[in-house]
Amino acid sequence: MFNICLFIIGFILATIGLFFITLYLNLLIVGYSFFEFVYFIIRSIYCDLFFIGIILIILSLGRNKQNGLLL
């Protein structure tokens, strides 16, 4: 049950982060160069949300081997 909740929270955070990163693609149209865009995205909190979400998803998919008799 814990892994399912961790997966859902990670998925929500990754979705929010990716949504805002995609939304900020409009900065390229305004006149930012690609490197300025990447620098802006790395500094924003939404980039952190995306990576935290991905890490939580990876952690939730890991297998817990607490009981050696599991088949």
Among the residues of region 11-36, count how many are outside any helix (DSSP H, G or I) and either closer than 27 Å to Leu56 by Cβ or touching a residue at least 60 places away in the same chain (Cβ under 8 Å) (or both).
-> 2
If we ask which residues in region 18-57 are touching a Ser or Thr at 6+ places or on another chain (Cβ under 9 Å) and of a type in the set (Gly, Ala, Ser), their number turns out to be 1
Leading residue by the ranking (surrounded by the most Cβ atoms within 10 Å (Cβ to Cβ)) among those in region 37-66 that are without any contact (Cβ under 8 Å) to a residue 12 or more places away in the chain and among the charged types (D, E, K, R) | Arg43
Report yes if Tyr32 is in contact with a helix residue (DSSP H, G or I) (Cβ under 9 Å, 6 or more places away or on another chain) and at pLDDT below 90, otherwise no.
-> yes
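The values are calculated or read from the model by the stated rules, or taken from the named source; none is laboratory data. None of the values given here were measured: they were computed from a predicted structure. We place every Cβ from the backbone using ideal geometry, glycine too, and count neighbours over all the protein chains shown.
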